[in-house]
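Throughout, read-outs are computed from the coordinates displayed, never taken from laboratory work. Only a predicted model underlies this, so the values are computations on that prediction, with no experimental measurement involved. Quick reminder, even Gly has a Cβ in these numbers, built from the backbone with ideal geometry, and neighbours come from all protein chains shown.
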Amino acid sequence: MRNEYGRRKGAHIAKFLVLGVVFIGAVGFVTMQLWNCLIPELFHGPFITFWQALGLLLLGKLLFGWHNHHNSWNDKWRRGGEWKARMREKMANMTPEEQERMKEAFRNRCRPGFGRSRERQEDWEKYWSDDTKKGPEDPKNEEKESH
């Protein structure tokens with residue numbers, strides 16, 4: 001039988017199984033070598049065999065979990081979209097000048113270089129201060145005050 005890419009399913013499954021066995025063997029061998037190099041010297045513990053190393057790995061997984069705290073990878077990617085949606089909503093409610101100032105603030109924040117952190121912090125504080133939320137001042141008032 002062939003899959004949708006024209007490859008044989010049996011060969012694909014066999015390759016997957018062989019790579020799985022090689023991976024488990026490599027992890028077991030590395031664990032055994034690390035244990036035998038460190039534990040007897042540091043803690044005067046016993047040397048272990050390959051099968052004992054695999055047993056330790058399995059025991060560790062059983063005791064400390066499989067690190068799948070979320071239902072799937074899709075949940076992690078979906079949560080990342082929440083801040084994007086909030087940012088889009090915030091940008092939609094801004095004037096073009098405010099949008100440009102915000103983009104410039106992010107550019108300055110991410111700009112490489114040494115010794116610019118104080119400038120970036122001042123720019124960031126200037127952008128997010130209460131003065132910018134009030135909106136632009138009426139230019140007519142500025143002309144009257146200057147005369």
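What FRET efficiency comes out for the pair Gln33/Leu58, r = Cβ-Cβ distance, R0 = 22 Å, nearest 0.05?
On the way: r = 18 Å, r/R0 = 0.81.
Efficiency, from the Cβ-Cβ distance: 0.80.
Please check which bits of the range 52-67 a label hung off Leu19 would reach, taking the label as a point 7 Å along Cα-to-C-beta and the cut-off as backbone N under 19 Å.
none
Sorted from largest to smallest, which semi-axis lengths in Å does the alpha carbon gyration tensor of the range 25-65 give for its equivalent ellipsoid, taking the root of 5 times each eigenvalue?
The equivalent ellipsoid of the range 25-65 has semi-axes of 18, 12, 8 Å.
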